[in-house]
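Report on the structure given below.
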Amino acid sequence: VVLVWFGVLIVSSVLGGDFLKSWFGNYYRWDGLVTQLVFVTLFLCLRFIDKRIWFGGMLWGLAAGCLVSALIAIGQYFLGKGVGFDGMGAGFGQPVFLAGYLVITLPFTWLAITNLRIEDVYKKWLLAVLLFIVFGGLVATKSLAGVALFFVFILGLLVVYKKINWKVVMILFFILSGLALEKYSLDIERGEKIGSGLVYEGRSRLLVQS
């Protein structure tokens, strides 16, 4: 399936109206075919190489990236050293990109720490420090969605460790989702009023040659 998908990408890139964008993507993003080739190669390596070889290294790599990125964002916040955005983005530039990375890698970092062969009391302290640092990093990005997802993760942990009923978590999740959608809707309306039909995407899609 992955190879078929990649084949479709190749065909669409060959027929694309903009060669550079098709193959190398948009400036700063590098989301073209070359980047997709890297992802496909990574997938194939992980698929056919023994999991015992790379899984532990991957976990700690994600953990290191999560913690270091969050600490850099916190440092930028207190030093006031951003890169032109309202929030801090560490090495990601755009703060919401960092927020997404922190939210996605947080569960893997949690798993890496819980797998440590140390006494439970030290493990609990490490997990508490992890949550404190990641939450600080998310606050530094000023991403409301990132902060909301952090609390969704906390609720998920409470369910996993059977500290709260899953039905309560589902109710809270829908409440948070509703508030997030309402905030997004208001932002869209405000953007349309300011920009007179502003397209948030900020770039045109690739066109097929006719």
Cross-link pairs LYS124/LYS163; LYS51/LYS162; LYS142/LYS183; LYS123/LYS163 - those with Cα-Cα distance over 20 Å:
LYS51/LYS162
What is the packing order of peptides 113-124, 165-176, 60-71, 134-145, taking the mean over residues of other C-beta atoms within 10 Å and listing the highest first?
134-145, 60-71, 165-176, 113-124
Please give the length that would be gained between VAL8 and ASN115 if that part of the chain were fully extended, namely 0.36 nm times their separation in residues minus their C-alpha to C-alpha distance (nm, one decimal).
34.5 nm
Shape call for the stretch 1-51, from the Cα gyration tensor axes a ≥ b ≥ c (a/c under 1.5 means rounded, otherwise prolate when a/b beats b/c, else oblate), comes out oblate
If I fit a long axis through the Cα atoms of helix 120-141 and take the longest principal axis of the Cα atoms of the chain, what angle between them do I get, 0 to 90°, rounded to 10?
40 degrees
Measure off, as a whole percent, the carbon and sulfur share of the 1.4 Å-probe accessible area of the chain, all protein chains present.
71 percent
Rounded to the nearest whole Å², what accessible area per residue is found for the chain with the 1.4 Å probe?
70 Å²
Over the chain, the sum of -39500 (n - 2.57) across DSSP H runs of at least four, divided by residue number and rounded to 500 deg cm²/dmol, gives at 222 nm -25000 deg cm²/dmol
Contact order relative to length of the chain, as percent, for alpha carbon pairs under 8 angstrom and 6 or more apart:
21 percent
Checked the stretch 89-186 against the a/c 1.5 cut and the a/b vs b/c comparison, axes a ≥ b ≥ c from its Cα gyration tensor; verdict oblate
Exposure rank, largest accessible area first [VAL40, VAL160, VAL11; 1.4 Å]
VAL160, VAL11, VAL40
Relative to the chain, whose Cα atoms define the longest principal axis, helix 2-14 and its Cα axis are tilted in degrees, nearest 10, by 40 degrees
Could you give the distance between the Cα centres of the stretch 88-160 and the stretch 1-72, to the whole Å?
23 Å
Given the protein chains as shown and a 1.4 Å probe, how many square angstrom of TYR161 are accessible, to the nearest 10?
120 Å²
Is the shape of the chain rounded, prolate or oblate, going by the alpha carbon gyration tensor and its root eigenvalues a ≥ b ≥ c, with a/c under 1.5 for rounded and a/b larger than b/c for prolate?
oblate
List every residue whose amide H lies under 5 Å from the amide H of GLY16, counting only residues 5 or more places away in sequence or on a different chain, with H placed 1.01 Å from N in the peptide plane.
none
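The values are calculated or read from the model by the stated rules, or taken from the named source; none is laboratory data. Please read these numbers as outputs of a predicted model, since none were measured by experiment. Because the Cβ atoms are built from the backbone with ideal geometry, glycine has one as well, and the counts that use them run over all protein chains shown. The area values use the complete protein model at the heavy-atom level, side chains included, leaving out ligands, DNA and RNA. Shrake-Rupley method; radii C 1.70, N 1.55, O 1.52, S 1.80 Å.
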